[in-house]
Each structure stands twice: as C-alpha cells, then as structure tokens.
Amino acid sequence: MSTPESSPRDYGAFEWRPTRGDRAEFSRALAAGTEGPHPLAVSRGMKRRLGILLAIPVAVVFVLTVARPVAALLRGEQDPALTLIQAGFFLTIVLGLTLVLLLLNRNTRRALTVALQLRRFARDNDLGTAPASLNPRLPGMPFTEGTGVVASDRLLAGRGQRFFELANLRFTTGTGRSARIHHWAFLAVRLSAHLPHIVLDARANNRLGTTLPLSLARDQILSLEGDFDRHFTLYCPRDYERDALQILTPDLMALLIDHAAPFDVEIIDDYLFVYATRPLDAHILERMLDVCDAVAVPAAAQGANYRDERSTAPAEGLVDLPGRRLRVARTWSLIAMLIVAAVLVTLMLLT
C-alpha cells in the first residue's frame, strides 16, 4: 500500500467564504440526515427547542412586567415611574436573551463555514469524505472510554494512499456533575503491524494537567534521554520498554518533536492516532497533515517488522495481552494522594 502524498496541498478552500445560500443548503442536508449524526444538526435542533421553551416564560414576564402595569397605569392605579422600571426590567431580559441567541447564531454560522471549507478542501485535494459516524469502531482512548462519541467532517485518504482519516471528534467523559464534553480533532493512520500500546502525552497542551481521557498508571512512564522528555511524557506497558525504544528510534523521536509536539499521540493495535484538543480549522488541519506525511509514514515503516516474541500467536502478528493496553491508574490511589496532600497542607497552615 502506498504512502500518503507529501506534495504541496491546496489550502485555498479556507479563503473561500460560503454564501448564505451555501449554508442554507448544507443546513437542509443536516436536517435531512444525509450528513449522519452531525453535532451541528443536533445543536440546531436544541436551539429550536430552546427558543420554544423560552417563549413561554418570556410571555409570562411580559404580562407581569409590561401588560398589567401599563393597564394599571391607564386606569390611574400605578405610578408612571414604577411602570417604567418594570418595563425596563423586561427589556433588559429581552436584550440579554437576544445577545445569547446572536452569539449562538454566530458560533453556528462559523461552524457551518468551517464544515463547508473542509469539504471544498477535500474536493480540491482529491480526498474522500464521509458522513458523521456515531461511536466509530476505532481502538483509541477517546473512542473506547468516551460516551456519545461522534466523528464528523471526516476527510479520508484518496485512492492509492495509505488509509488515514482526519475528523472532528465530540465525546463525553465522566458522569453526572463531573461529565465533560470534549470537542477535539483527530488523525488516524493505519499501520502495517500490531504494536504495543504507547501513549505520548504532549506537555504543550497540559496547562491544567493532562488532557488524556484516561488517567494512566504512572509506573508505566518511560523516561528518555535528550529533549524528548521536555515535549512528551511517554507511557508504555511494563516490560515493553525495549520494544518502545525499538519503535521510537532517535530519528522518529526527532520527527515527533519537530512536527507533533502540540498534539497527544497514541499507538494502539495497528493504528496511530494524533489528537488535537480543539476542532479542525485551517491551522490544525495543516499541522495534522504535516504529521501524517512526516511522522506517520516513517512510524509505519519502522513498526512494519515488529514482532512480539512473548505473543502466543506470533504468526498472526498480535501483541501479547499485557502489551496491548496500558493500565489505568487506580482511583483509590489518587484519592489517597489527595487526602495526604490535604493533610500536609492543613498541618502547614496550623504550624
């Protein structure tokens, strides 16, 4: 299978501004379901339901703060100043709701524009597209640990290229009050062999702690020499350290630093994933395609001859069970660490 082409790509699609008619046509396609379970179709439906729900309380507030006071004023039963105050209260509410709706409309219009630009980019560069997919069958952490996973605005490799997919990703982690909705972008590249589970947690996007959807056990961190540890925290299964170094050669680590430093990277089964913690735009798209050309292809070549000597099925090219998935940090240990930290802080304050 041939590798993705590294010839210059045409990014002129992102200088194109869709007309209102273009956005309206795409909105009709979303409503008809031809784009699959696209998050924009869901958000537009929610916005309509929100408008209906707000209409009733707004009407009630109008009656209480405008209609009844004006009627009382006309009958001479209410002071004009009080009527003006009540009417001003209603106008303030209406103005606030109007600003919220305008902001939602602007964000929706911007998202529609980017979605249309991505489709034109695919057309201009002979890439394929596909409808949004609910819970896609991919092995990466967001796909297996998140809920309500939707891949949308999907760009696929063209004919004769190694499989890759580039798309927006929406998923939820946590439950109840701790639930959090993530809006990411991802690149998935199919490799030539099954490899041990390796995660590179980029330090560049860890402003408030790791952005990984899972808390991985810290005893799986492999520290490397040179500058690599300044850019990534490397996780690999215990007793697979030599395997990781066999795959992540110095040349490949240098490419990762140069091209993929802003992104988290995951190697799992026969896939390589690159994750951005914000949706696709012209900049993220260009950076991820650069990673696809400069990093993913050499990674696929480097791992093509990998064989796990521990495997019970070496002929099938599978990794032995302990190397297939990284272990997750135990919740009780995290709680214990927090309790110890809280006790130490309390003792410091008391002394």
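The values are calculated or read from the model by the stated rules, or taken from the named source; none is laboratory data. Every value quoted in this text rests on a predicted model; they were computed, and no experiment measured them. For neighbour counting, all protein chains shown are included, and Cβ atoms are generated from backbone atoms with ideal geometry for every residue, glycine included. Each accessible area value is taken on the protein alone, full model and side chains, heavy atoms only, with ligands, DNA and RNA left out. Shrake-Rupley method; radii C 1.70, N 1.55, O 1.52, S 1.80 Å.
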task = For HIS197, work out the one condition from (1) within 26 Å of THR249 (Cα to Cα); (2) out of contact with any strand residue (DSSP E or B) (no Cβ under 7 Å at 6 or more places or on another chain) it doesn't fulfil.
result = (2)
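Of the residues that make up the stretch 318-335, is at least one small (Gly, Ala, Ser), open to solvent by less than 50 Å² (accessible area, probe 1.4 Å) and modelled with pLDDT of 85 or more?
The answer is yes; a qualifying residue exists.
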task = Check every one of the strands (runs of 3 or more DSSP E) wholly within the stretch 111-223 and list those with 2 or more residues that are within 17 Å of the chain's Cα centre (by Cα).
result = 147-156, 164-173, 180-202
note = Condition set touching a residue at least 60 places away in the same chain (Cβ under 8 Å) and either in contact with a Pro (Cβ under 9 Å, 6 or more places away or on another chain) or more than 17 Å from GLY303 (Cβ to Cβ) (or both), scope the stretch 247-265, selection surrounded by the most Cβ atoms within 10 Å (Cβ to Cβ): answer is ASP264
ask   = If you scan the stretch 137-153, which residues turn out to be open to solvent by less than 20 Å² (accessible area, probe 1.4 Å) and over 20 Å from LEU216 (Cβ atoms)?
value = VAL150, ALA151, SER152, ASP153
task = Hey, could you check the stretch 80-132 for residues that are among the small types (Gly, Ala, Ser) and under 21 Å from ARG159 (Cα atoms) and say which is surrounded by the fewest Cβ atoms within 10 Å (Cβ to Cβ)?
result = GLY128
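May I ask you to say which residue of ALA244, ALA296 is open to solvent by less than 30 Å² (accessible area, probe 1.4 Å), touching a residue at least 24 places away in the same chain (Cβ under 8 Å), more than 30 Å from ASP10 (Cβ to Cβ) and part of a helix (DSSP H, G or I)?
Values: ALA296 fails: more than 30 Å from ASP10 (Cβ to Cβ).
Of ALA244, ALA296, the one residue that is open to solvent by less than 30 Å² (accessible area, probe 1.4 Å), touching a residue at least 24 places away in the same chain (Cβ under 8 Å), more than 30 Å from ASP10 (Cβ to Cβ) and part of a helix (DSSP H, G or I) is ALA244.
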key: Filter pass, PRO279 being in contact with a His (Cβ under 6 Å, 6 or more places away or on another chain), over 19 Å from THR144 (Cβ atoms) and assigned to a loop (DSSP other than H, G, I, E, B)   = yes
remark   = Selection over the stretch 336-351 where residues are of a type in the set (S, T, N, Q) and modelled with pLDDT of 65 or more yields a count of 1
ask   = For the stretch 203-214, what are the residues that are open to solvent by 60 Å² or more (accessible area, probe 1.4 Å) and either among the basic types (Lys, Arg) or touching a residue at least 24 places away in the same chain (Cβ under 8 Å) (or both)?
value = ARG203, ALA204, ARG207
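Given the criteria in contact with a helix residue (DSSP H, G or I) (Cβ under 8 Å, 6 or more places away or on another chain), aromatic (Phe, Trp, Tyr) and either open to solvent by 20 Å² or more (accessible area, probe 1.4 Å) or modelled with pLDDT of 90 or more (or both), does PHE163 qualify?
no
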ask   = Which residue, of LEU200, LEU156, is open to solvent by 10 Å² or more (accessible area, probe 1.4 Å) and not β-branched (Val, Ile, Thr)?
value = LEU156
task = Please go through the stretch 255-270 and pick out each residue that is of a type in the set (D, E, K, R), part of a strand (DSSP E or B) and on the phi < 0 side of the Ramachandran plot.
result = ASP264, GLU266, ASP270
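Restricting attention to the stretch 20-31, does a residue exist that is open to solvent by less than 70 Å² (accessible area, probe 1.4 Å), modelled with pLDDT of 75 or more, of a type in the set (A, V, I, L, M, F, W, C) and over 16 Å from ALA132 (Cβ atoms)?
yes
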